[in-house]
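The values are calculated or read from the model by the stated rules, or taken from the named source; none is laboratory data. Note that the structure is a prediction, hence the values are computed from the model and not measured. Cβ coordinates were reconstructed from backbone atoms using ideal geometry, including for glycine residues, and neighbour counts include every protein chain displayed. Accessible surface is based on the protein model in full, side chains and every heavy atom, while ligands, DNA and RNA are left aside. Shrake-Rupley method; radii C 1.70, N 1.55, O 1.52, S 1.80 Å.
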Amino acid sequence: MSHSKHGIANTAVADEGWRRMVRKNSPRVEEPSKDDLEVGTPKAWAAGIPGVLHSMVPALRDMGVDRSRKTLLAMNHRDGFDCMSCAWPDPDHRKAFEFCENGAKAVTWEATPITVESDFWAEHSVSELRQKSEYWLGQQGRLTEPVHKPAGKDHYRPVSWDEAFAILGAKLNSLKSPDEAVFYTSGRTSNETAFAYQLFVRAFGTNNLPDCSNMCHESTGWAMGQTLGVGKSTIVYDDFGKSDLIIIMGQNPGTNHPRMLTALEEAKNNGAAIVAVNPLPEAGLLRYKNPQEVKGVMGRGTDLADQFMQIRLGGDMALLQAVSKRVLEAEDANPGTVLDREFIEGHCEGLDELKAHLARLDEDAVLESTGLALEEIDELAERYLKADRVIITWAMGLTQQKKGVAAIQEIINLLLLRGNIGKPGAGASPIRGHSNVQGDRTMGIWEQMPPVFLDAIEKEFGFNPPRKHGTDAVQTIQGMRDGEMKVFVAMGGNLVAAISDTHAAEAAMENVEMTVQISTKLNRSHTVVGEEALILPTMGRTEIDRQDSGVQFVSVEDTVCAVHPSWGKVEPVAPNLLSEVAIVSRLAQATIGDKVKVDWAGFEKNYDLIRDHISRVVDGCENYNQRIRQDGGFMLANGPRDSRTFHTPSGKAMFTVNDLEHVQCPPGRLVLQTMRSHDQFNTTIYGHDDRYRGIKKGRQVIFVNPADLARLGLADGQFVDIHGEYADNVERVLRNYRVVAYPSARGCAAAYYPEANVLVPLEAVADGSNTPVSKHVVVRLEPTGVNKVAGTSAKA
């Protein structure tokens, strides 16, 4: 069915001519075929005028001039809304256009006037929708009414809000134990919603609160928590401009957080050196053409990486240990001149053990693990030794390794050696992907919240929350698979597509009695459901939230612990939508009623009431209502950053010892990583192009080094089946993928997420954090049965 049968919201922002234009353009939902795929040359720079065009053309086409103006000019501004596509911090001095290409795409995707009308559900069965792609589902428009799929039926049907809450409340109350329910959270959820949601779940009686952080930066939280006492960044935005050296590891800022490129450009202009450590030579690591600067529009732009280290997948821990070893050797050669002895003696412990361990480091094993030359490692060590202020920043390229926790602990070791924690221009900088994934955790969205938080809940609300740890994302899939969980509720997100081992995850989701999705638009998780299913539509962050006490705002926490308000700027796409806070409040009333002394109805009427409770429960959020209304919000306290205090058992920062384990790749195999394309945000697919990597009109590709293709007897343009190999001998395969010869690290390959999740076993998780190991998947490539080589392709 085309969009011609979908409704266009009757808002004041759209005149009839614009409505006709949107309808005319809606056939773009059609998917490209395998034969449409074009492969060109990878780009050597990011952003520039093309970034502007790829931002504005879809926005103007899909939202119109007025709605585009109201949203894009308000995004990431003090009186506007926070971008939902990443957690990058906002500078103090903001430009008129404080958004990036992917931020504009995220707003266009959410603020579309196209809606899913009531007749859609009768025309499309769940079975039919399941055959559709993520792209097609997302393009159907905004959800505007609750729908219910009864047990034994294959269609959703529209229901009233009262009926929807009655169905869900009755189901939850029918369970033998609250632990038979699980409540997932997406990182898009605001602080107010997250606090109310976890409060309801714990009042219901369970700590089953998995979230998207379980699949991304959980390794960061464990590594930094054990070594520094806090699992968050130890820098602020301005530290980038004060740094002498910035080491970027396992991330692609040009696609995943493009506004970071401006901070890197500012650092370069101030004299900083940048080292990029990554298996792929991403455009955003190499050169940036700032579209708001003359040299970015008319000139070459800014060269970013002074040194690019093309490391093998899983080699980061070995590299970091090798650099730390060289720092210690330099201190031995010139005692008292290299290490920050005052800092180490006053604030750290474990140096002697680390020194003895690294003295035995096998250099040959380092070279084999990293795929780097000795001279490259020496060059990085020299850069580190010359710099007084060093930032090391990373993302999922590290966290989703088997030894992800250990690799991040090695980052902390290296920073501690020269006192690069708790001083301007220096520190540990994990870059979060979802816009409030860090804030959700601060507000209590975690299956393992510490006793001090639970004690504060008990003191504030008068009930004793459960103390037994709940399940994380992987454990949730396992629990549903094994029949231990009966109801799955998701506050946003798309878990069945985001999690590893797609077929196992889908089978687990279908094994529960009820699935519930609180969402703005359709995705895969609405089509892979339990016996019974509900979809509860919610307002987006771009929309004005009117409640009984007036227009409401919410708040979010970014990747450097800054908390700020977010105000919607456009009318809701439909009058029947509820905010996330309203949905939580009404669900709580329908499920637990007055069993606990919480003013759920008051929460919905005035979000200040929620913030008052936050101020008394959440450490660091005292006087929340007053501080959040300050210009720009406020900064959460951070012991390592602010005062070099460390909330570890010893009260000191911990050097750690980690055994280097190089995982050999069997002959004839490759190690694969999953990754985003430039036209997507997490599982949301905006389009089928990945222009920085030269891909157009397709996603079924695997990137392989030309030397590896020759070794394997394959050719660029050939079609292959990608077989995942794991100890359980379960067949995991992606079929009919086009091979793209690409300058990846030798022995390493890459394919797009979430499609390649099918290759990642559910049990393949990082030591300590239980995060899926999506950055080290052993695969073999076999020519597709009826094979052909693609012809000459056009440039992207």
Checklist entry - Residue-wise, which Karplus ³J(HN,Hα) couplings in Hz belong to segment 561-567, taking 6.51 cos²θ - 1.76 cosθ + 1.60, θ = phi - 60°, and x for glycine or proline? => result 6, 8, 10, 8, x, 9, 10
Item to check | Shape box of segment 130-286 [Cα atoms, principal axes, largest first, Å] | outcome: 63, 40, 27
Checklist entry - In nm, what is the difference between 0.36 nm times the number of residues separating Asp238 and Ala715 and their Cα-Cα distance? => result 167.0 nm
Checklist outcome for this item: Any lysines whose Cα falls less than 30 Å from that of Lys295, other than same-chain ones fewer than 8 residues away, would be Lys43, Lys70, Lys95, Lys105, Lys242, Lys268, Lys386, Lys696, Lys795
Item to check | Accessible area (Å², per residue) of the chain, counting only protein heavy atoms and a probe of 1.4 Å | outcome: 35
Next on the checklist: Only sites in a loop by DSSP and with at most 12 other Cβ atoms within 10 Å count here; which GluC sites (Glu not before Pro) in segment 687-761 make the cut?
Outcome noted: Glu731
Checklist entry - So what is the calculated 222 nm ellipticity per residue for the chain, using -39500 (n - 2.57) for each DSSP H run with n of 4 or more, over all residues, to the nearest 500 deg cm²/dmol? => result -10000 deg cm²/dmol
Checklist outcome for this item: So Asn173 and Glu30, fully extended at 0.36 nm per residue minus their Cα-Cα distance, gain in nm 47.2 nm
Checklist entry - Rounded, prolate or oblate: which one fits segment 625-718, using the alpha carbon gyration tensor with axes a ≥ b ≥ c (rounded when a/c is under 1.5, else prolate when a/b beats b/c, else oblate)? => result oblate
Checklist entry - Which net charge results for the neighbourhood of Thr193, defined as the other residues with beta-carbon distances under 9 angstrom from its beta-carbon, given Lys and Arg at +1 and Asp and Glu at -1? => result -3
Checklist entry - Rounded to the nearest 5, what % of the DSSP beta bridges within segment 486-606 are antiparallel ones? => result 35
Checklist entry - Given 0.36 nm per residue, what is the gain on full extension from Val52 to Glu353 after removing their alpha carbon distance, in nm? => result 103.2 nm
Checklist outcome for this item: Counting only protein heavy atoms with a 1.4 Å probe and every protein chain in place, the carbon and sulfur fraction of the accessible surface of segment 635-773 in whole percent equals 52
Item to check | Val452/Asp594 FRET efficiency (R0 35 Å; Cβ-Cβ; nearest 0.05) | outcome: 0.80
Item to check | Per DSSP, loop trypsin sites (Lys or Arg not before Pro) in segment 675-767 with at most 16 further Cβ within 10 Å | outcome: Arg746
Checklist outcome for this item: Everything considered on the Cα gyration tensor (a ≥ b ≥ c; rounded for a/c under 1.5, else prolate if a/b is larger than b/c, else oblate), segment 664-778 must be described as oblate
Item to check | Between segment 591-627 and segment 93-164, the Cα center-to-center distance that results, in Å | outcome: 30
Checklist entry - So if we plug the beta-carbon distance of Leu73 and Ala44 into 1/(1 + (r/R0)^6) with R0 = 41 Å, what FRET efficiency do we get, rounded to 0.05? => result 0.85
Next on the checklist: Among the listed pairs Lys459/Lys605; Lys132/Lys486; Lys132/Lys176; Lys171/Lys597, which have their C-alpha atoms separated by more than 29 angstrom in this model?
Outcome noted: Lys132/Lys176
Checklist entry - On the accessible surface of segment 405-524, probed at 1.4 Å, how many percent belong to carbon and sulfur atoms? => result 51
Item to check | Sulfur and carbon atoms: percent of accessible area, segment 233-328 [1.4 Å] | outcome: 46
Checklist entry - Loop-only check: which trypsin sites (Lys or Arg not before Pro) in segment 570-617 are DSSP coil with at most 10 other Cβ within 10 angstrom? => result Lys597
Next on the checklist: Which one, Ala322, Phe204, Gly225, projects farthest toward the positive side of the charge dipole computed for the chain from Cβ point charges (K/R +1, D/E -1)?
Outcome noted: Phe204
Checklist outcome for this item: FRET efficiency for Ala365 and Ala507 from the Cβ-Cβ distance with R0 = 41 Å, rounded to 0.05, comes out at 0.55
Item to check | Accessible-area value, Thr41, 1.4 Å probe, nucleic acids and ligands omitted, Å² | outcome: 90
Checklist entry - What percent does the relative contact order of the chain come to when contacts are Cα pairs within less than 8 Å and at least six residues apart? => result 21
Checklist entry - Taking segment 294-341 on its own, what percent of its Cα-Cα pair distances exceed 17 Å? => result 61
Item to check | Whole-angstrom gap from segment 182-237 to segment 513-566, using each part's C-alpha centre | outcome: 16
Next on the checklist: Tell me the label only: which of (i) 31.4; (ii) 39.3; (iii) 33.5 is mean projected area of the Cα convex hull in nm² as calculated from this structure?
Outcome noted: (i)
Item to check | Per-residue ³J(HN,Hα) for segment 757-767, Karplus 6.51 cos²θ - 1.76 cosθ + 1.60, θ = phi - 60°, Hz, x for Gly and Pro | outcome: 4, 4, 8, 9, x, 4, 7, 7, 10, 6, 4
Item to check | Anisotropy class of segment 81-178 from Cα gyration tensor, a/c 1.5 cut | outcome: prolate
Checklist entry - Roughly how many Å is it from the Cα centre of segment 434-453 to that of segment 295-329, as a whole number? => result 32
